[in-house]
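Each remark here refers to the structure printed beneath this line.
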Amino acid sequence: MKPARAAQLRDQVQTLRQQQTPMAEQIRQLQQERDEATNQLAGLLAESAQLKSNAIQNKRETLKLRERDYPIAGNCNRKQRMIHLLNR
């Protein structure tokens, strides 16, 4: 290998090594941001599931109260009463 080519390759290696350190730091920061976003998403998904569960429970309780306070006349079965109450 010619000395000029060897010098050129040494310069390229040095340049790449100098670029490697800031890139490694950037990768570390991006991984940290990803981990934080993942944790935040997990918390939001858990909160959403709890809210949905609460909404379902509230709807059931509302239906029970409506059924108790406003009984439907006639021979409707439970399913028909529930449909009627939901459509009010």
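Quick note: the coordinates plus some simple rules give every number you see, no bench work behind them. What you are looking at is a predicted structure, and each value in this text was computed from that prediction instead of being measured. Quick reminder, even Gly has a Cβ in these numbers, built from the backbone with ideal geometry, and neighbours come from all protein chains shown.
Does A42 satisfy the condition of being surrounded by 10 or more Cβ atoms within 10 Å (Cβ to Cβ), within 25 Å of N87 (Cα to Cα), within 40 Å of the chain's Cα centre (by Cα) and of a type in the set (A, V, I, L, M)? Step through it out loud before you land on a result.
Values: surrounded by 10 or more Cβ atoms within 10 Å (Cβ to Cβ): yes; within 25 Å of N87 (Cα to Cα): no; within 40 Å of the chain's Cα centre (by Cα): yes; of a type in the set (A, V, I, L, M): yes.
The answer is no for A42.
Within region 50-57, can one find any residue that is part of a helix (DSSP H, G or I) and over 40 Å from the mean Cα position of the chain (by Cα)? Write out each step before concluding.
Kept after step one, since they are part of a helix (DSSP H, G or I), are these residues of region 50-57: 50-57.
Of the ones still in play, those that are also over 40 Å from the mean Cα position of the chain (by Cα) are none.
So far as region 50-57 goes, no, none of its residues is part of a helix (DSSP H, G or I) and over 40 Å from the mean Cα position of the chain (by Cα).
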